[in-house]
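Below is one structure, written out as structure tokens; the observations come after it.
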Amino acid sequence: MTLLKRAGRRRAPALGLLAAIALMATGTATAVPANLPAAGTAADVRASTLGAQAAQSGRYFGAAVAAGKLGDTTYTGILDREFNSVTPENEMKWDATERTRNSFTFGSADQIVNRATTRGQRLRGHTLVWHSQLPSWVSSITDANTLRGVMNNHITTVANRYKGRIHSWDVVNEAFADGGSGQHRPSVFQNLLGDGFIEQAFRTARSADPAAKLCYNDYNIENWNDAKTQGVYRMVRDFKARGVPIDCVGLQAHFGAGGPPSNFQTTLSSFAALGVDVQITELDIAQAPASAFTNTVRACMNVARCTGITVWGIRDSDSWRSGENPLLFDRNGNKKAAYQAALTAMGGSPATVAAQDTSTRSAAQAAALPSSFKWSSSGALIGPKPDSTHNIAALKDPTVVHYNGKYHVFASTASAAGYNLAYLSFTDWSQAGSATHHYLDRTAIGTGYRAAPQVFYNAPQRLWYLVYQTGNASYSTNPDISNPNGWSAPRNFYSSMPDIIRQNIGNGYWVDMWVICDSANCYLFSSDDNGHLYRSQTSVGQFPNGFTNTVIVAQDSNKYALWEASNIYKVQGTNQYLMLVEAIGSDGRRWFRSWTATSLAGSWTPLAASESNPFARANNTTFPAGTWTRDISHGEMIRAGYDQTLTIPACRLQYLYQGMNPSAGGDYNTLPWRLGLLTQTNSAC
Ligand code: 9MR
């Protein structure tokens, strides 16, 4: 049935441009809630929260978080408003995760990780190997081989648990001695395994979570002249020279009231010059003088490879040094002068902050996306690879995640015989064209009509989902995304088409199912090629079952203005969601409109939604490699993560789309769609 429909689709848009432009007049898609700030921000906007302002330069601003405090709403209110990275303060340490040998407990760490992930906050992992907070069963080991096995098992198990979800791991913490030696400190690891234990730990961590940045983390390495700093510097230089996998140095920055040493920036830039990132990982300053915070934050801002700052706690009362009031918020959760100093040092606006102190509006809204977009397109990167049993004419409707160092792309295959799915993976876009195509009709997914895939990892279930259309809304699951044969046979989300869709679909078709979850619920969006976008809902716990309460989210009397291929994402580090819907333009070409909302079940405000101010269309895209398409059609954003929250970065967006030779014509199913990549060129950060 869908094949018949598709045969006529490309001729449809003769209806003309006025209708397409006028479409915003109706429907809930266009309702503008009165209390929202103007959607999007200009390129030079000053944000008014720490995380949002840090994001403007591609950095993060994080806090150490204690699982035991997550029930405190003052605490979580500040956490979610201000910070876009989270470090579990104690919950990932050895004494919390492997208190007895080979018996792992992740309850508290999971609590923090899951909470942060569903809110689009990034995560630092702290810490895999440390002489402190080490259970006595480890420190009392006396045999080197036993300890090596125990250490590797610990690293592998913990890093594997959170694989792909941690942006940076403190692989080894505080291994250098204080004082003038510049040598490692004594510890069970040093004493039994010798200097090589650090290298061993980094190599093991790389195997366990190849996507995470691997850091060495220490205190009292902020002063460039200190022997301890020089000792760590020599180790990093040696690791880089020998190809030992190290990506970053964490400088804890537990300062006295004088703040950082005057040569702190020299230390940061000297480490960075070795080819590693630097991060300020545990910042707190006795009495929190504003000038000391200014100097610390400025030093990071002045070093391109200083990629983020974490403060070691939220309110003074949360600090391990609470007697010294060393943090940015007082015991009642009020911003201190040090807060304004940190924000200002990143270029944020204290004036806006003052105005917001009495407001309930989350300042995260102020960061987020611009209100107009410009893109540069690659050439056609991926095309069909027919084989003797697959006479494929087009590759379409891509879904993509970056996981474990690779892009994993699933796409519809289109041919005169109909639609099915293909999978390919590659490490770099330059290799996309040479990747092997796996035809999923050979797997349990089976032959017949399967199209428009969407892939994501369901973190609570530790299972990959591939959502696609079969006439119904269907899905398969797979514990290993890289194994094309691991997908289960299709199952349906609904027993039959929901009534509201049946009543509104007219002569359209039920297409392009899209799942996204927040911390409580999962939502299933779909289109009907008749001017309606639908949404059903179930709880995260019940997913994939229980989808109900189907409603019309957006509608337009000009069906071509709200056609199909909807994408909905969480914007990282903000409380903003982005929705894209494909339209067929006045020129007959495909393009994307965009809206934002502050919740998935909320109302959507137009962002860049007109032909003259499109989200993505040929008229806001340049084609340095040649204009191979005039259609910017069904695709997906390159996400910041890969889980069910569908989190995208706020900066330098990339969109994998389908395009085709503008002069091609003929039967809809054999049009020569290829995949190309858009990269945003007007990112503010
Ligand atoms: O803040 C942490 C505190 O709650 C713990 O009791 C303490 C135990 O050693 O560890 C604190 O965090 C430390 C971090 O893990 C490593 N660098 C020094 C931090 C402050 O002691």
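Tabulated data for the structure shown
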read-out	value
All strands (runs of 3 or more DSSP E) inside region 384-432 with 1 or more residues being more than 17 Å from residue 672 (Cβ to Cβ) and touching a Gly at 6+ places or on another chain (Cβ under 9 Å)	394-403, 418-426
Qualifying residue in region 271-286 (condition: surrounded by fewer than 22 Cβ atoms within 10 Å (Cβ to Cβ), hydrophobic (A, V, I, L, M, F, W, C) and within 16 Å of the ligand (Cβ to nearest atom))	yes
Pairs where the first residue, in region 123-136, is among the charged types (D, E, K, R) and the second is assigned to a strand (DSSP E or B) and more than 7 Å from the ligand (Cβ to nearest atom), C-beta under 6 Å, 6+ apart	124/87; 124/168
Residue within region 192-200 that is in contact with a strand residue (DSSP E or B) (Cβ under 8 Å, 6 or more places away or on another chain) and at pLDDT below 95 present	no
Region 291-331 - residue that is buried (at least 24 other Cβ atoms within 10 Å of the Cβ) and in a loop (DSSP other than H, G, I, E, B) and, of those, nearest to the ligand (Cβ to nearest atom)	313
Answer residue from region 552-605, given it is closer than 26 Å to residue 660 by Cβ and hydroxyl-bearing (Ser, Thr, Tyr) and is surrounded by the fewest Cβ atoms within 10 Å (Cβ to Cβ) among those	586
For residue 280: the one exception among (1) under 19 Å from residue 176 (Cβ atoms); (2) touching a residue at least 40 places away in the same chain (Cβ under 8 Å); (3) in contact with a strand residue (DSSP E or B) (Cβ under 6 Å, 6 or more places away or on another chain)	(2)
Positions within region 628-644 being modelled with pLDDT under 95 and among the hydroxyl-bearing types (Ser, Thr, Tyr), in sequence order	642
Boolean, residue 147 is touching a Phe, Trp or Tyr at 6+ places or on another chain (Cβ under 8 Å) and either without any contact (Cβ under 8 Å) to a residue 40 or more places away in the chain or within 15 Å of the ligand (Cβ to nearest atom) (or both)	no
Members of region 144-183 found to be more than 24 Å from residue 106 (Cβ to Cβ) and either within 36 Å of the chain's Cα centre (by Cα) or among the basic types (Lys, Arg) (or both), listed by number	175, 176
Selected residue [under 22 Å from residue 225 (Cβ atoms), out of contact with any His (no Cβ under 9 Å at 6 or more places or on another chain), free of Cβ contacts under 8 Å to residues at least 40 places away in the same chain and within 14 Å of the ligand (Cβ to nearest atom)] from 251, 268	251
Residue under evaluation residue 228, criteria (1) closer than 30 Å to residue 456 by Cβ; (2) within 16 Å of the ligand (Cβ to nearest atom), criterion not met	(1)
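The values are calculated or read from the model by the stated rules, or taken from the named source; none is laboratory data. Because the structure is a prediction, the values reported are computed rather than measured. Here Cβ is always computed from backbone atoms with ideal geometry, including for glycine, and neighbour counts include all displayed protein chains.
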